[in-house]
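Below is one structure, written out as structure tokens; comments come after it.
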Amino acid sequence: MATPETDNAHGEYEKGTQPIHEQQATYDLFMSLSKWGSLNLAVILTFFVLWLQPGGSIVFGFVAALALAVIGYFALKSKPAQH
């Protein structure tokens, strides 16, 4: 039978004491790639849909895609940290 001294030989888990820098960096990278990748996909799809539809125009598709890119950039850019 284990004694209390040997049960705690490796230490018990204490919430909030483990380093999470790598996990946080991975999460931040994933979120950044997800949001900017989604914006790029939306811009490309908007361009091609408006250009290649019957009666569509490459100029109108480009202008609409550019407008979406600019609006999306300002909506998705990182906000300054408030301390």
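FYI, it's all coordinate maths here, none of it is from the lab. As the structure is a prediction and not an experimental result, all values here were calculated from the model. Cβ sites come from the backbone with ideal geometry, for glycine too, and all protein chains shown count toward neighbours.
A residue that is exposed (fewer than 13 other Cβ atoms within 10 Å of the Cβ), within 17 Å of the chain's Cα centre (by Cα) and among the aliphatic types (A, V, I, L, M) occurs nowhere in region 57-66.
Residue under question is Pro80, and the condition is that it be exposed (fewer than 10 other Cβ atoms within 10 Å of the Cβ), without any contact (Cβ under 8 Å) to a residue 12 or more places away in the chain, under 20 Å from Ser32 (Cα atoms) and out of contact with any Cys (no Cβ under 7 Å at 6 or more places or on another chain); does it hold?
On the way: exposed (fewer than 10 other Cβ atoms within 10 Å of the Cβ): yes; without any contact (Cβ under 8 Å) to a residue 12 or more places away in the chain: yes; under 20 Å from Ser32 (Cα atoms): yes; out of contact with any Cys (no Cβ under 7 Å at 6 or more places or on another chain): yes.
Yes; evaluated as a whole, the condition is true for this residue.
For region 67-76, the criterion of being of a type outside the set (A, V, I, L, M) and loosely packed, with under 10 Cβ neighbours inside 10 Å is met by at least one residue. If you go through region 19-41 and keep only what is hydrophobic (A, V, I, L, M, F, W, C) and assigned to a helix (DSSP H, G or I), you end up with Ala25, Leu29, Phe30, Met31, Leu33, Trp36, Leu39, Leu41.
Can you confirm whether Ser38 is free of Cβ contacts under 8 Å to residues at least 40 places away in the same chain, surrounded by 11 or more Cβ atoms within 10 Å (Cβ to Cβ) and not charged (D, E, K, R)? Spell out the reasoning first.
Details: free of Cβ contacts under 8 Å to residues at least 40 places away in the same chain: yes; surrounded by 11 or more Cβ atoms within 10 Å (Cβ to Cβ): yes; not charged (D, E, K, R): yes.
Criteria met by Ser38.
Selection over region 28-49 of residues that are more than 8 Å from the chain's Cα centre (by Cα) and over 21 Å from Phe74 (Cβ atoms) gives a count of 2.
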